[in-house]
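Presented below is the structure to which this report refers.
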Amino acid sequence: MRPPVTAIGADPLPPGALEVETVGMTMRFGSFTALEDVSIRVAPGTFHALLGENGAGKSTLVKCIMGFYHATAGQLMVGRREAEIADPRDARALGMGMVYQHFTLVPSLTVAENLVISRADAPVVIDWAKERAGLEAFMAAMPFRVPLDQPVARLAAGEKQKLEILKQLYLGSRFLILDEPTSVLTPDEADEVLGHVRGLCEAGEISVLMITHKFREVTAFADEVSVLRRGRLVGQGHVADLSHAQMAAMMIGAEKEQRPVARSGLRGAPMLELRGVKAADRSGLKEIAVESLTVHAGEIVGIAGISGNGQMELMEVLTGQRAARGGEIRVQGVPYGATRAEAQSHAVRYLPEEPLRNACAPRMSVIENIAFRSFDRNGAGRRFWLSANEMRAAARDLIGAFKVKVADPDGPIAALSGGNVQRAVLARELTGEVKLLVISNPCFGLDFAAVSEIRARIVAARNAGAAVLLMSEDLDEVLELSDRVLVMSEGRITYEVPAAEAKIAEIGHYMGGHAA
Amino acid sequence: MAVVEAQGTGGGAMAALRRAEPVVIPVLALLAGLAVFALFLLTQGKSPIAFFGYVWQGAFGSAFSWMNTLSRAAPLLLAALCVALPARLGLVVIGGEGAIVLGGLAAGAVALPLAGVPAAVGLPLMALAAMLVGAVWIGMAGALRHYRGVNETISSLLLAYIAIALMNHLVEGPLRDPESLNKPSTAPLAEGLRVGMLPGMDVHWGLVFGIIACVVAWVLVERTSWGFAARIAGGNVRAAEVQGLPVGRLILGFTALGGACAGLAGFFEVAAVHGSANASLAAGYGYTGILIAFLARHNGLAILPVAVLLAGFDASSGLIQRRMDLPDATMQVLQGIVFMAILMSDAAYGRLPFFKAKG
């Protein structure tokens, strides 16, 4: 095993909970700045919460701490000493461990086996009698336990998460990063697990940095909170001094209220209507249920919400990727099943999130990807034979009109930058008549120039009379673009307000899962 | 527009490189596989040079060896399509052997009551039966995949074992011709229901139909909206769903079409080669077809030369056994090594330094 890497001297770090501090941490990916000058101090034995919307830089920060990324600038201090962490093994050697959102246990092995194989120095031949005695002694000393002989597959989710934390303690971690540790747990399980973590902090065993979206957990368990927004540290303080409204305000940026951009035209007839639509969520355990949702021609309806509250599932229902369990979807008053013919006849277009994953065939050419909507159309009729020339001519026009930067239109679309992939998809989806446009996180991960241009195109489509349903985790985006704002929380639409009357604090409350 | 034109020349050079990549990489992989096989020959104390000399002689060295090679190429073309067509949808179907066997059996069985019927009626009926059975067989793997989420690679392979067992059961039982003593077979085809040789050649008509099928498959995939839809679904099924494309129907259609090609291969094996359906139908063409399809990158036109090359290896195997005293399985070792090289070469796309776009 390599020695722990510390800059000064060979003195061992003090026992017990570690102090970890980032000083001016900055991370750039090319021209994109994911993290800028973030300084956070987690004092020994404290429970520190890290809040922020998706893409705010939370994951980047913890990946820099754990050595998955190497920060462009800034320093990491562990136990008040400068630490140079080249890779996750160094972080582990210093006593830093991470618990992920999803389990990293082997389901078919028992708890004891999982613990032993997680060690970096697990022997080739395992002396189970000895290991067993060691594990029992370890468990006896812990404030909470998991039965050693159970296969992990038989443990409940809360037990598994407890085991993940025990595993870190077993490995000697004295500083734990928890990445949304309760997203797969029920509220009761979450309270139990976090209560134990809190207890370990108070006992001075560990310090904790927890990424979360849930204000309730911050208030109930954390000592201090830091809030990231667009890669910057925008707020910090003792949890005791902060209300949920204040945290929400920091997280979504109350400093300037976004006002809707210039627009024209009046709201027309209902274009999209959802009544009592139900569907399973991605875990299959919960359900999303949209009682009633109507989008009219010439308006943008924005759905705000924190990631994982059913927006993805709703998008999949609307695109026909996920079967609805009940209810009715109507477009222009007619039941709609999202087939190609229906989408074509009602002029329904989609802009799913992560276009390379959801809207493109990465290895097909830019020209071919732009042709996805039109390849089988010949004017009003259908075509059987492809026309390579028409495809190429149409793609050239659209590449020019939407300013897609393409070195080689015959090359795979995966070679383009994120912004240009999204421009190409926009070019495809916004060409021709558009009556209904369904959008999910259109600007996620794009640079500033692409963002403003793509938003302008969406508003232009609305001004031309399209009905637009915009789901976004970026509240600024929702407020900037929408005529009406809805909030989705735990699979339901919980709040609706005209954009002109929208109050960020109010919306924040509903996003945080708090019906006022 | 301006951007495109400004970089026109760079784009042209890149386009040329991109077109070369799918040719150069499989060729390099093939050569690498042959080199490894040469090492294997050296460990057996045999000369690789002599080996490849005999391959040339046995496969392409004379008119006779050409006829031999082309006869073997016919079923391989169709067997390769059974892999290549579903592959464009992102499905790896490796059970073409089953469709060949059952297709041949169906052709042999349908021929029984057709003894007096003219060839112009009887042969199409036999071919249709063979294609139908093949389409259903491989279509089942597609249906299992679409409706039940069963991995099509595993299911098609297992279906092939079932197909062979089924054929053995029928030719040894209900369909057995009592006069076939040593090798249980269906009754020999009536003379009028045999497929003859191409004019002036010692190669049966299956070759022509195999070539036509490859060209049609290429046109279908590359030049029609069905093929384009299939390529979208193969490239990213999520994107295809968002576009409202009928992914399920495409999966069923392309697997059935592939199965029909393999079934047709079985028909020619019975009607042109064996004269009755028997265990000789399971000759491994279905498996060699996998190798051909992958070497040809599932492109119908590229299947043509690749199938001839692989058929040549096959055709020279007898000569090599006699002259070099190497066992029959040597060719399978060669095929296996080349296949591994082809699969590994997939990781090379976009990574070889001379294909890298200058950023």
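Roughly how many debye, to the nearest 20, is the charge dipole of region A:362-432 about its Cα centre, given +1 on each Lys and Arg Cβ, -1 on each Asp and Glu Cβ, and no other charges? Walk me through the numbers on the way to the answer.
Details: 11 positive and 7 negative charges, 26 e Å.
Magnitude of the dipole: close to 120 debye.
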Estimated translational D of region A:140-214 in µm²/s (Stokes, Kirkwood radius over Cα pairs; 4 °C; 1.567 mPa s): 102
Two-site FRET efficiency, A:Arg81 against B:Val27, from Cβ-Cβ distance with R₀ of 51 Å, rounded to 0.05: 0.35
Share of alpha-carbon pairs per 10 Å distance bin for region A:67-199, given as whole %: 11, 39, 33, 15, 2
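Stick to Cα atoms and the Kirkwood definition of Rh, then tell me Rg/Rh for region A:362-432. Please report the intermediate quantities before stating the final value.
Values: Rg = 11.6 Å, Rh = 12.1 Å.
On the Cα set of region A:362-432, Rg over Rh gives 0.95.
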Magnitude of the charge dipole, chain A, Cβ model with Lys/Arg +1 and Asp/Glu -1, debye to 20: 1500
Amide H partners (placed H, <5 Å) of A:Tyr495, local residues excluded: A:Val487
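Dipole size in debye (nearest 20) for the protein assembly as shown around its Cα centre, Lys and Arg Cβ +1, Asp and Glu Cβ -1?
On the way: 76 positive and 79 negative charges, 414 e Å.
Roughly 1980 debye, rounded to the nearest 20.
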Value of relative contact order over chain A, rounded to a whole percent, pairs C-alpha under 8 Å and six or more apart: 16
Furthest towards positive pole of dipole, A:Ala380, A:Gly411, A:Val366, structure part region A:362-432, Cβ charges: A:Ala380
Viscosity 1.567 mPa s, temperature 4 °C, Stokes-Einstein D of region B:203-359 from Kirkwood C-alpha radius, µm²/s: 71
Point-to-point label distance, A:Ser292-A:Phe29, nm (Cα→Cβ direction, 7 Å offset): 4.2
Histogram of C-alpha separations across region B:55-326, 10 Å bin width, %: 8, 30, 34, 21, 6, 1
Amide N of region A:277-307 lying under 11 Å from the label point, which is placed 7 angstrom from the Cα of A:Arg267 along Cα→Cβ: A:294-301
Distant alpha-carbon pairs in region B:287-359 (separation over 17 angstrom), percent: 55
Non-local Lys pairs in chain A, i.e. 8 or more apart or on different chains, that have alpha carbons under 23 Å apart: 16
For region A:398-480, with +1 on Lys and Arg beta carbons and -1 on Asp and Glu, the positive-most of A:Gly432, A:Ile399, A:Leu469 along the dipole: A:Gly432
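Work the Kirkwood hydrodynamic radius out for region A:295-360: mean of 1/r over every pair of different alpha-carbon atoms, inverted, in Å.
Working: mean 1/r = 0.0749 Å⁻¹.
Averaging 1/r across every pair of different Cα atoms and inverting gives 13.4 Å.
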Mean ellipticity per residue at 222 nm, deg cm²/dmol - from DSSP H runs of n ≥ 4 across chain A, formula -39500 (n - 2.57): -9000 deg cm²/dmol
Charge-dipole axis of chain B as Lys and Arg at +1 and Asp and Glu at -1 on Cβ define it, positive-most pick from B:Val333, B:Leu31, B:Leu245: B:Leu245
DSSP beta bridges in the protein assembly as shown [antiparallel fraction, %, rounded to 5]: 60
Angle between chain B longest axis and helix B:300-315 axis [Cα atoms, degrees, rounded to 10]: 50
Separation in nanometres of the label points that stand 7 Å from Cα toward Cβ, at A:Arg216 and A:Asp397: 5.4
Cα principal axis extents for chain A, largest first, Å: 76, 51, 44
Using θ = phi - 60° and Karplus 6.51 cos²θ - 1.76 cosθ + 1.60, couplings along region B:270-276 (whole Hz; Gly, Pro as x): 6, 7, 10, 10, 7, x, 7
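Once the cut-off is 48 Å, how many percent of the Cα-Cα pairs in the protein assembly as shown end up in the long-distance tail?
Details: 147550 of 382375 pairs.
Of all Cα-Cα distances in the protein assembly as shown, 39 percent exceed 48 Å.
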Degrees between helix B:96-111 axis and first principal axis of chain B (Cα, 0 to 90, nearest 10): 30
On Cα atoms only, tilt of A:388-401 relative to the major axis of chain A in degrees: 70
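Any read-out appearing in this document is the output of simple, stated calculations on the displayed coordinates, not a laboratory observation. Note that this is a predicted model, so its numbers are computed, not measured. Using ideal geometry, Cβ is built from the backbone for each residue, glycine included, and neighbour counts are taken over all protein chains shown.
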